[in-house]
Amino acid sequence: MRATQLRALSSRQIPAKLPPRIGKEVAVGMRATIALTILGLLTGITIAQAQTVSLTAHLLGNYAVPQNKSDAFGEGQFSYDSQTGKLDYYLTYDGIAPTRIDFHGPAKADENAVSVLAFPVSESPVSGSVTLTKVQADNLLAGTLYVDMHSAAHADGEIRGQIKKP
């Protein structure tokens, strides 16, 4: 290019505004991009917070409060979905004819608490799912709920196990 042509190119002004049609298209595109980015971030946060938590409980007479000398024993396996509040449970036991099976809480391992959720009584294994309230879920994850199996011989609870993460 010649020097005169270069000077002519460099002296040209870039328009301060885009033509109206192009400006609106760019603005709409930018808004859509921002909205999708925000939606993606919010979805990512929700997904990151949702989790499935595995928990267990070992049930024995010496875990009951007060302790007893029962030879019965049991085990509970639990899976809690924090997104739905659903708790899947699988309880096995031996040496006991339960009259009632329930969750109690909130309580530490050496404390008693009121029943907050009852399970159907059947022969071992007992399994199913329930939806927990926010308070029940918080207590579950804090380790302050326990499973209690009651019997005719021990109406206040024959075997008990604190539910906790393995």
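Quick grid of which residues meet (1) modelled with pLDDT under 95; (2) surrounded by 13 or more Cβ atoms within 10 Å (Cβ to Cβ); (3) not in a loop (DSSP other than H, G, I, E, B):
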{"position": "V116", "(1), (2), (3)": "no, yes, yes"}
{"position": "S127", "(1), (2), (3)": "no, yes, yes"}
{"position": "V130", "(1), (2), (3)": "no, yes, yes"}
{"position": "L140", "(1), (2), (3)": "no, yes, yes"}
{"position": "A152", "(1), (2), (3)": "no, no, no"}
{"position": "G157", "(1), (2), (3)": "no, yes, no"}
{"position": "R160", "(1), (2), (3)": "no, yes, yes"}
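Based on this model, can you work out whether S79 counts as within 21 Å of T52 (Cα to Cα), free of Cβ contacts under 8 Å to residues at least 60 places away in the same chain, assigned to a strand (DSSP E or B) and in contact with a Lys or Arg (Cβ under 7 Å, 6 or more places away or on another chain)? So S79 does not fit the description; no. If only residues of region 101-114 that are in a loop (DSSP other than H, G, I, E, B) and within 19 Å of the chain's Cα centre (by Cα) are counted, the one that is surrounded by the fewest Cβ atoms within 10 Å (Cβ to Cβ) is P106.
The values are calculated or read from the model by the stated rules, or taken from the named source; none is laboratory data. Since we're looking at a predicted model, the values are computed, not measured. Heads up, the Cβs are rebuilt from the backbone with ideal geometry, glycines too, and the neighbour counts pull from every protein chain shown.
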